Amino acid sequence: MKFDDFDKRMRVYEQSIDQYIVPGMYIVARLDGRSFTKLTREICKFEALFDTRFRNLMVDTTKHIMNCGFKVLYGYTESDEISLLFSPDNSAFANKVRKINTILAGEASGYFSLALGKAVCFDCRVVPLPNIELVKDYFLWRQEDANRNALNSWYYWTLRKEGLSKK
């Protein structure tokens, strides 16, 4: 069998579950750090509540992945997550979900790991949104999540520093 025929026959299986975002949709990619609670508290012992070194790593990682081949309009980071808004006319990798997820997760993981000097991992999920109102709602939702988490963390660590137990 010729290689081209063999390649064509086998590639069908590799691509059998590929998904594509339809043209004209807004795409948000959300990356999330894997086991970052353990990383920040136990491994690196970043300062609770808000460590500027960790913040800078997240901001720099966001800047990096905003420039790795996709048409990104906006980047937002909070805690251990990053959200990127793609332009509706983004066509990198034909908006193939598998490519978006793997490239962004790999770029973020690699960049953050090299900057930190320790291996870390990000996952990525793609969120297709059909209109600008849902894009606004998405980022409002992430902002509200950040506010809630910041308040909870502030109270928790303030009370811990005053000598109260985890309970």
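The values are calculated or read from the model by the stated rules, or taken from the named source; none is laboratory data. Note that this is a predicted model, so its numbers are computed, not measured. Counting neighbours? That spans all protein chains shown, and the Cβs are built from the backbone with ideal geometry, glycine included.
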Residue satisfying condition, being at pLDDT 90 or above, out of contact with any His (no Cβ under 7 Å at 6 or more places or on another chain), β-branched (Val, Ile, Thr) and farther than 30 Å from residue 160 by Cα, within set 59, 28: 28
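Every residue, every condition in (1) more than 18 Å from the chain's Cα centre (by Cα); (2) loosely packed, with under 11 Cβ neighbours inside 10 Å; (3) acidic (Asp, Glu); (4) over 23 Å from residue 142 (Cα atoms), yes or no:
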{"position": "6", "(1), (2), (3), (4)": "yes, yes, no, yes"}
{"position": "9", "(1), (2), (3), (4)": "yes, yes, no, yes"}
{"position": "13", "(1), (2), (3), (4)": "yes, yes, no, yes"}
{"position": "16", "(1), (2), (3), (4)": "yes, yes, no, yes"}
{"position": "39", "(1), (2), (3), (4)": "no, no, no, no"}
{"position": "50", "(1), (2), (3), (4)": "yes, no, no, no"}
Residue count, the range 140-167 (criterion: free of Cβ contacts under 8 Å to residues at least 60 places away in the same chain, acidic (Asp, Glu) and surrounded by 12 or more Cβ atoms within 10 Å (Cβ to Cβ)): 0
Evaluation of residue 32 against (1) charged (D, E, K, R); (2) surrounded by 16 or more Cβ atoms within 10 Å (Cβ to Cβ); (3) in a loop (DSSP other than H, G, I, E, B) (one fails), failing number: (3)
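Residue-by-condition table, conditions (1) in a loop (DSSP other than H, G, I, E, B); (2) surrounded by 13 or more Cβ atoms within 10 Å (Cβ to Cβ); (3) at pLDDT below 95; (4) among the charged types (D, E, K, R):
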site: 82; (1), (2), (3), (4): no, yes, no, no
site: 90; (1), (2), (3), (4): yes, yes, yes, no
site: 93; (1), (2), (3), (4): no, yes, yes, no
site: 101; (1), (2), (3), (4): no, yes, no, no
site: 112; (1), (2), (3), (4): no, yes, no, no
site: 115; (1), (2), (3), (4): no, yes, no, no
site: 124; (1), (2), (3), (4): no, yes, no, no
site: 134; (1), (2), (3), (4): no, yes, no, no
site: 138; (1), (2), (3), (4): no, yes, no, no
Matching residues in the range 49-62 - criterion: being farther than 16 Å from residue 113 by Cβ, of a type in the set (D, E, K, R) and not in a loop (DSSP other than H, G, I, E, B): 55
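Among the residues of the range 18-29, write down those that are among the hydrophobic types (A, V, I, L, M, F, W, C) and exposed (fewer than 12 other Cβ atoms within 10 Å of the Cβ).
Answer for the range 18-29, where residues must be among the hydrophobic types (A, V, I, L, M, F, W, C) and exposed (fewer than 12 other Cβ atoms within 10 Å of the Cβ): just 22.
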